[in-house]
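**Q** This is the structure I have questions about; it appears just below.
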Amino acid sequence: MTSPQTTRVNKVLPGVLFSLLAILLFDLMGLIIKHLSSTYGAAELSAWRNLFGLIPASIALWSTRNWHAGGRKLRLRQWQIPVIRGLAVTVAQFCFYLALGRLAFATAATISYSNALFILVYSVPLLGERVGLFRWSAALVGFAGVVMVMGPGRDSFTWEALLPLIAAALYAFAGVSSRMMDEDVPSPLINLWSSSVSAIGAFALAMALGGFTAPASVADMGWILLMGLCGGSAVLSMVVAYRMTEPGNLAPFAYLGIPTAFVLGWLFFGESPFSDLFPGAILIIAGGLMILWRERRMARQT
């Protein structure tokens, strides 16, 4: 007879594989956004992305047993939280997509990985967690890496480097705020609510900034569809991964998105911002892994 502990261990590997698939799909989505950004605005690309994102969000909710067992309820007692979370994602996506069109692909992606540091900052006022000197030191190490990648003082520094940092801060808020929901609420239901709000917000933002551009060709329509499918499938893959194993088992692999972003940016756009990324990217990874190590150690002690 297989014990629950053995079953959990056996699911670590597929969980990691699904998380790696999600990272690859997110990178592919970013490449498509960068490709399309010369013709279409960040707001309208975000709107299409969110519209397609409702499909995997609905699939994830429908595959959740607890939601079916609870009567398939769609209403939330704390509906304000996913609404605010969805609006934060709307602005985060706009900033990040705008950054992809104006910065080197790897640079924008690397700065966005500072969201792990912002999660630590938000956990104090929003979740009431106590953060000691070690984790604050780790956050400072990571933030020093972000500053080095952004490069204030370099001739190549532009204000656009702040866009992925703003996106990271808002994505982190979205992640932390979801932990404020009642524990019996299925995560896919929260995601569906937030995705719906993000879609509405993105379409409203696109209309306010000049509306939508008609697809220039059938090929562009295909790219837009593929962008939505990659982003939506990435979210679904990540949901599956987090349902298979603990987040601590997946977090170390998230930073593989930095070297893959560098390679993909070099292959598809001829970008090689090595001097801009390093050693700052190393510090970002080190700061995040230091926080992860501390979290796992505290969990074992508890």
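Quick note: the coordinates plus some simple rules give every number you see, no bench work behind them. Computed from a predicted structure; not experimentally measured. Don't worry about glycine lacking a Cβ; one is built from the backbone with ideal geometry, like all the others, and counts go over all protein chains shown.
**Q** What per residue convex hull volume, in Å³, do the alpha-carbon atoms of segment 121-186 yield?
**A** In segment 121-186, the Cα hull volume divided by residue count equals 104 Å³.
**Q** At 222 nm, what value in deg cm²/dmol follows for the chain if DSSP H runs of at least 4 each add -39500 (n - 2.57) and the sum is divided by all its residues, to the nearest 500? Numbers along the way, then the final one.
**A** Details: 15 runs with 232 residues, N = 302.
-25500 deg cm²/dmol, from helical runs alone.
**Q** Across segment 170-178, in residue order, what do the Karplus-derived ³J(HN,Hα) couplings come to in whole Hz, using 6.51 cos²θ - 1.76 cosθ + 1.60 with θ = phi - 60° and x for Gly and Pro?
**A** For segment 170-178, the Karplus curve yields 6, 4, 5, 4, 4, x, 5, 5, 5 Hz.
**Q** Would you mind putting 13-24, 203-214 in packing order, based on average other-beta-carbon counts within 10 Å, highest first?
**A** Peptide ranking by packing, descending: 13-24, 203-214.
**Q** Under the rule a/c < 1.5 gives rounded, and otherwise a/b versus b/c splits prolate from oblate, where does segment 5-132 land using the Cα gyration tensor? All intermediate terms of the calculation are to be shown ahead of the outcome.
**A** Values: a/c = 1.41, a/b = 1.36, b/c = 1.03.
Here segment 5-132 falls in the rounded category.
**Q** Rounded to whole Å, give me the distance from the Cα center of segment 263-292 to that of segment 12-62.
**A** 21 Å
**Q** Could you point to the residue in Ala99, Ala219, Ile291 farthest towards the positive end of the chain's charge dipole, with +1 and -1 charges on the Cβ of Lys/Arg and Asp/Glu respectively?
**A** Ile291
**Q** Report the charge-dipole magnitude of the chain in Debye, nearest 20, computed about the Cα centre from +1 at each Lys and Arg Cβ and -1 at each Asp and Glu Cβ.
**A** Roughly 980 debye, rounded to the nearest 20.
**Q** At 20 °C and a viscosity of 1.002 mPa s, what translational diffusion coefficient does Stokes-Einstein give for segment 43-114, taking Rh as the Kirkwood radius over Cα pairs? Give it in µm²/s as a whole number.
**A** 147 µm²/s
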